[in-house]
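Novice: Have a look at this one before I ask anything.
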Amino acid sequence: MRVYCASDYYHASRAAANIISAQVIMKPDCVLGLATGSTPIGAYEQLIRWYEKGDLDFSRVHSINLDEYRGLSPENDQSYRYFMNTHLFDSINIDKKNTFVPNGMEEDKEKACRDYDEIIRAHGGIDLQILGLGQNGHIGFNEPGGVFAKGTHCVQLTESTISANARFFASIDEVPKEAYTMGIKSIMQAKKIVVIVSGEGKREIVKRAFTGPITPQVPASVLQLHSDVILVGDEAALEDFPR
Ligand code: GLP
């Protein structure tokens with residue numbers, strides 16, 4: 001694993017955006033695995049700036065997002081489809097038909113998961129996967145548990161995730177209790193993975209995930225087994241991290 005420590009969030013975001021740009025330039029028809037959460041927003045803003053300058057072309061890029069809340073429609077401003085449209089897709093020249101997010105409105109859980117795995121398979125997997133890190137070590141919505149779930153699955157969100165994400169909703173009661181998420185196997189099959197971390201609040205979990213035992217109790221710890229992971233963070237998140 002390579003570690004890139006930037007002075008602050010702005011510079012960490014620029015570094016992550018640089019890696020994504022390099023991927024798009026080297027393989028214009030690449031498949032990007034994209035993430036939501038507050039952390040990647042800075043990288044997306046930077047990509048938009050470079051697109052507006054004429055430095056980037058997303059017209060042939062396909063994207064596959066990690067996860068979606070079950071029960072939220074694309075028009076719901078808390079859905080991850082809405083997040084991706086407003087934070088990235090609406091501001092670049094990606095063809096929305098080439099962007100994929102699990103269907104939160106599909107009530108049949110097995111169908112929702114099967115369909116999404118088929119989308120990932122039909123695209124030949126992911127070239128570059130962007131990840132944030134949940135405070136309990138989750139990636140996508142792969143929550144701590146007894147096993148590493150392989151494919152797309154429906155998860156019951158943990159209390160810790162519900163309360164961490166409540167800041168985006170009017171009240172904690174409005175946070176959905178379930179989500180569809182890409183599985184650990186799909187994430188691990190990405191050719192390259194960039195994990196973005198920022199802020200003191202992530203310091204402890206970054207250390208546990210990347211230097212502690214590999215266990216489904218800390219889902220991100222499985223990334224230690226991937227051969228091409230870049231951890232990009234700011235000093236606040238990486239201060240205690242061995243480099
Ligand atoms: C959510 C998302 C994750 C994300 C995590 C961390 O739970 N499903 O993909 O990594 O939040 O969010 P943040 O970057 O806001 O700390």
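Novice: Subtract the Cα-Cα distance of K109 and E75 from 0.36 nm times their separation in residues, and report this length gain in nm to one decimal.
Specialist: On the way: separation 34, 0.36 × 34 = 12.24 nm, distance 2.03 nm.
Here the segment from K109 to E75 would lengthen by 10.2 nm.
Novice: Another question, if that's okay. At a probe size of 1.4 Å, how large is the accessible area of E52, to the nearest 10 Å²?
Specialist: About 130 Å², rounded to the nearest 10.
Novice: A further question on this structure: How far, in nm, would the chain grow between D8 and F169 when pulled straight, counting 0.36 nm per residue and subtracting the alpha carbon separation? Before the final figure, lay out the partial values.
Specialist: Details: separation 161, 0.36 × 161 = 57.96 nm, distance 2.69 nm.
Full-extension gain reported as 55.3 nm.
Novice: Sticking with this one: First check a/c for region 91-164, with a ≥ b ≥ c the square roots of the eigenvalues of its C-alpha gyration tensor; if it is under 1.5, answer rounded, and if not, answer prolate when a/b is larger than b/c or oblate otherwise.
Specialist: Numbers: a/c = 1.71, a/b = 1.39, b/c = 1.23.
Since a/c reaches 1.5 and a/b is larger than b/c, the shape of region 91-164 is classed as prolate.
Novice: Have a look at the chain and give its Rg and Dmax from the Cα atoms, expressed in angstrom.
Specialist: When restricted to Cα atoms, the chain yields Rg and Dmax of 16.6, 47 Å.
Novice: Would you tally the net charge around R81, using a Cβ to Cβ cut-off of less than 13 Å, leaving R81 out, and scoring K and R as +1, D and E as -1? If you can, show how the numbers build up before the last one.
Specialist: Numbers: positive: R70, K96; negative: D67, E68, E75, D77, D90, E106.
Overall, the nearby charge balance is -4.
Novice: Once a ≥ b ≥ c are taken as the square roots of the eigenvalues of the Cα gyration tensor of region 14-153, is the result rounded (a/c under 1.5), prolate (a/b larger than b/c) or oblate (a/b not larger than b/c)? Intermediate values should be presented prior to the final figure.
Specialist: Working: a/c = 1.59, a/b = 1.53, b/c = 1.04.
Prolate, since a/c reaches 1.5 and a/b exceeds b/c.
Novice: In addition: Counting DSSP beta bridges in region 57-207, what percent are antiparallel, to the nearest 5? Before the final figure, lay out each step's value.
Specialist: On the way: 8 of 14 bridges.
Once the DSSP bridges in region 57-207 are tallied, antiparallel ones form about 55 percent.
Novice: Which far-off residues, 5 or more places away or on another chain, put their amide H under 5 Å from the one on R70, with H placed in the peptide plane?
Specialist: So R70 has HN proximity to E178, A179, Y180.
Novice: Which pairs in the list K96/K191; K96/K150; K97/K207; K97/K192; K96/K202; K53/K150 are over 30 Å apart, alpha-carbon to alpha-carbon?
Specialist: On the way: K96/K191 23 Å; K96/K150 27 Å; K97/K207 38 Å; K97/K192 24 Å; K96/K202 32 Å; K53/K150 40 Å.
Beyond 30 Å between Cα atoms: K97/K207; K96/K202; K53/K150.
Novice: Here's another thing I want to ask about it. Cut-off 10 angstrom, C-alpha nodes, Gaussian network model of the chain. Which of K97, K207, K111 fluctuates the most?
Specialist: For the chain, modelled as a Gaussian network with Cα springs under 10 Å, the answer is K97.
Novice: Can you run phi through the Karplus equation (6.51, -1.76, 1.60; θ = phi - 60°) for region 72-84 and list ³J(HN,Hα) in whole Hz, with x for Gly and Pro?
Specialist: 9, 7, x, 7, 5, 6, 9, 6, 6, 4, 4, 4, 5
Novice: Something else about it: Could you state how much accessible area Y9 has, in square angstrom rounded to the nearest 10, with a 1.4 Å probe and all protein chains kept in place?
Specialist: Around 80 Å² of this residue is reachable by solvent.
Novice: Whenever you get a sec, compute what percent of the accessible area on region 16-64 sits on carbon and sulfur atoms (1.4 Å probe).
Specialist: On region 16-64, the fraction of accessible area on carbon and sulfur atoms equals 52 percent.
Novice: Continuing with this model, one more query. What dipole magnitude, in Debye to the nearest 20, does the chain give about its Cα centre under +1 on Lys/Arg Cβ and -1 on Asp/Glu Cβ? Please report the intermediate quantities before stating the final value.
Specialist: Values: 25 positive and 32 negative charges, 154 e Å.
My answer is approximately 740 debye.
Novice: In a shell of Cβ-Cβ distance under 11 Å around V61, excluding V61 itself, what net charge do Lys and Arg (+1) and Asp and Glu (-1) give? List each step's numbers first, then the result.
Specialist: Working: positive: K27, R60; negative: D29, D57, D95, D127.
Its environment carries a net charge of -2.
Novice: Now for a different question. Let me have the relative contact order for region 86-202, percent, based on Cα pairs under 8 Å that are six or more residues apart. Kindly include the intermediate steps, with their values, before the conclusion.
Specialist: Values: 144 pairs, mean separation 37.6, N = 117.
That works out to 32 percent.
Novice: So, in nm, how far is label S38 from label K96 when the simple model puts each one 7 Å beyond its Cα toward the Cβ?
Specialist: Result for the modelled spin labels: 2.8 nm.
Novice: For region 117-184 and region 1-65, what is the separation of their Cα centres, given in Å?
Specialist: After rounding, the separation between the Cα centres reads 21 Å.
Novice: Just going by the charge dipole of region 11-132, with Lys and Arg at +1 and Asp and Glu at -1 on Cβ, which of F83, I119, L32 is farthest out on the positive end?
Specialist: L32
Novice: Need one number: % antiparallel among DSSP beta bridges in region 1-145, to the nearest 5. Don't skip to the answer; put the middle values down first.
Specialist: Values: 1 of 9 bridges.
Roughly 10 percent of the DSSP beta bridges within region 1-145 come out antiparallel.
Novice: Mind checking the per residue accessible area of region 83-218 for me, 1.4 Å probe, whole number of Å²?
Specialist: Working: 6220 Å² over 136 residues.
On a per-residue basis, 46 Å².
The values are calculated or read from the model by the stated rules, or taken from the named source; none is laboratory data. None of these values were measured; they are calculated from a predicted model. Cβ atoms come from the backbone with ideal geometry, glycine included; neighbour counts cover every protein chain shown. Areas reflect the complete protein model, heavy atoms only, side chains present, ligands, DNA and RNA absent. Shrake-Rupley method; radii C 1.70, N 1.55, O 1.52, S 1.80 Å.
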